[in-house]
Each structure stands twice: as C-alpha cells, then as structure tokens.
Amino acid sequence: MPENTSTQHADSDIVVELRAVDKHFGPLHALRNINLRVNRGEVVVVLGPSGSGKSTMCRTINRLETIDSGEILVDGAPQPAEGKELFKFRTEVGMVFQSFNLFANRTILDNVTLAPRKILGQSKTDAERRARELLDMVGIGSKAGSYPAQLSGGQSQRAAIARALAMEPKVILFDEPTSALDPESTQDVLTTMRQLAERGTTMVVVTHEMSFARSCADRIIFMADGAIIESADPETFFSAPSSERARSFLSSVH
Ligand code: ADP
Ligand code: MG
C-alpha cells in the first residue's frame, strides 16, 4: 500500500477541506455553502438522493468542476488554477467512477503503469513491480496481461482502483463505484474498498451501498438540494437521523 502520509504538509491531519463552497449551473444552485473536512485516514461516505450534488462535490475536489465561491484545500494547499501544477494536483487526488475508463487497447498492466511512468517518471521495471503488487492486492494479479474487454465489471473496477492507487494519491474519491455492477462484482469491489479503508487510505465514497456505509464509514455526510444537511457517525445517522429528509431517504433505500 502507498503511504498516505505526506512529507510536504505532514503537520496537518486534514487532507481535504472545503470552506463555504458554492456552485451554480446557470440558475441551478448545485452546491450551497459546503463545509467539509476530511482527516487523514478517514473514510467519509456521502449519501443523498439523486441530484443532491454528491458528484458535483466530488468533482470540485479535484477541480473537474470550478466553484463560484469558497475555497478548497488539499493537504493544506489551495488548488492550482491551471497548467502543470493543476495537472500534478489531479494526480494527487485519485478518482474512481461508475465507468472504469480503462484504455481498451492496452493490457491491464499497461493501464496501471501508464501514468506512474509518464507523470511520476517511474522506470518501467519499478512501475510494473508496483502495479503487480497492487493488482495482487485487489485480487486480479492473474489479469495483468489481459485486455479490459476480457475482464468482468468487478475485475475492471478493481483494475481502475489499482490504477488510482499506483499514483499514490493523498485521497481517493469514489463516485458510485459499484452502481453499474452485478451483485457479485459489487461485493468484490466493496471487499477491496473495505481493505483500503482498513489500511488507512483516506477516502470519500459516494455510494448507495448502505451496508458498506454502516460498516466502513468513519462519518456519514447526508446531502439534499446541494447542501450538507447531516454529518454524523454511522451509528447515529442510521439509528437516529436528525432530519426528515434523511429519514425519508433511509426509508426509501431500506
Ligand atoms: P448527484 O451526484 O447527487 O446525483 P449531481 O452532482 O450529479 O447529483 O447533480 C446535482 C445537480 O446539478 C443536478 O440537478 C444535476 O442535474 C445538475 N448538474 C450536474 N452537472 C451539471 C452540468 N454539467 N450542467 C448543468 N447541470 C448539472
Ligand atoms: Mg452522482
């Protein structure tokens, strides 16, 4: 596993901080005064109905979306606005989406080693050794030489997770990583994510998998209409949600 400790800002335990973040899409107020701190090693699970702003919030963290006002700090530093710095910054914030976005014409090993070689400047030997360790860790070591089309959905998503880990990110954002998968693949991916959580990976996870949220989250964030309306430990959130919105959400997913 990559070390999650940063030598650059090792004094701070806050890996991601959103301060008073606002975002509009034209007339739509997509994020309303979002304040969120993610501590090193913490697993924050983001719940909320469709359209509540969960993906938008994730996307602002690695600047796939710009914000209208407020501030976002990663490891204590503001996001770079553009250029090489932004490019490097994006490599420090891993992202795993519903769609795996693997390069179809490259082997799984190549998919995992490409960015570490091109962006981190790792040698082929080092990148491949590390990639094989990561593929073993996520349980698809035997697929290193296969092409994405030869993998199941669950194997593809685990390859995408290995690819994100290969960049040794400070935090990994998961946006509904299992929602396109069949039940068995979903369990395989959740097992991998559970292992990452246990190893102290800093994670922000948007999911509808309540059993994962209950058992793996250090904290639950509940969003509705672009705002965070609850932030609680899982025990409190699931047994005694304080808002009517959260209560009706929970009754709809159970
Ligand atoms: P969630 O992930 O919780 O389902 P999203 O963050 O995807 O919600 O979307 C929040 C709101 O912002 C929705 O109303 C959605 O339609 C809108 N939205 C998201 N992305 C865009 C965009 N690029 N342009 C316009 N509206 C968008
Ligand atoms: Mg979404």
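Each value in this text was obtained by applying a stated rule to the coordinates, not by laboratory testing. Values in this document were obtained by computation on a predicted structure and should not be read as measured data. Quick reminder, even Gly has a Cβ in these numbers, built from the backbone with ideal geometry, and neighbours come from all protein chains shown.
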For the charge dipole of segment 103-168, defined by +1 on Lys and Arg C-beta atoms and -1 on Asp and Glu C-beta atoms about the Cα centroid, which residue among SER142, GLN155, SER123 has the Cα displaced farthest towards the positive pole? SER123
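Taking 0.36 nm per residue of separation and subtracting the Cα-Cα distance, what length does fully extending LYS84 through ALA227 add?
48.3 nm
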Normalised by the number of residues in the chain, what is the relative contact order in percent for Cα pairs under 8 Å and 6+ residues apart? 27 percent
At a Cα cut-off below 13 Å, give the aspartates and glutamates reachable from LYS170, other chains included and same-chain residues fewer than 8 away excluded. GLU3, ASP13, GLU17, GLU42, ASP75, GLU92
Each label sits 7 Å from Cα toward the beta-carbon; between ARG214 and LEU120 the label points are separated, in nm, by 3.6 nm
Note the angle between two axes, namely the Cα long axis of helix 244-253 and the longest principal axis of the Cα atoms of the chain, as a number of degrees from 0 to 90, rounded to the nearest 10. 40 degrees
Potential lengthening between ASN33 and ARG247 on full extension [0.36 nm per residue; Cα-Cα distance subtracted]: 74.8 nm
Given Cβ point charges of +1 (Lys, Arg) and -1 (Asp, Glu) and nothing else, what value in debye, to the nearest 20, does the dipole of the chain about its Cα centre take? 620 debye
Tell me the volume per residue, in Å³, of the convex hull enclosing the alpha carbons of the chain. 130 Å³
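When ranked by the protection proxy of mean other Cβ atoms within 10 Å per residue, highest first, what sequence do the peptides 216-226, 30-40, 59-69, 241-251 form?
Packing proxy ranking, top to bottom: 216-226, 30-40, 59-69, 241-251.
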Relative packing of peptides 103-109, 171-177 - highest average C-beta neighbours within 10 Å first: 171-177, 103-109
Percent RCO, i.e. relative contact order, over segment 169-254, from Cα pairs under 8 Å lying at least 6 residues apart: 23 percent
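Are any of the pairs LYS23/LYS118; LYS54/LYS124; LYS88/LYS143; LYS23/LYS88 more than 27 Å apart by Cα-Cα distance, and if so, which? Don't skip to the answer; put the middle values down first.
Values: LYS23/LYS118 33 Å; LYS54/LYS124 37 Å; LYS88/LYS143 29 Å; LYS23/LYS88 24 Å.
From LYS23/LYS118; LYS54/LYS124; LYS88/LYS143; LYS23/LYS88, over 27 Å: LYS23/LYS118; LYS54/LYS124; LYS88/LYS143.
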As a footprinting exposure proxy, order SER156, SER99 by other Cβ within 10 Å, with the fewest listed first. SER99, SER156
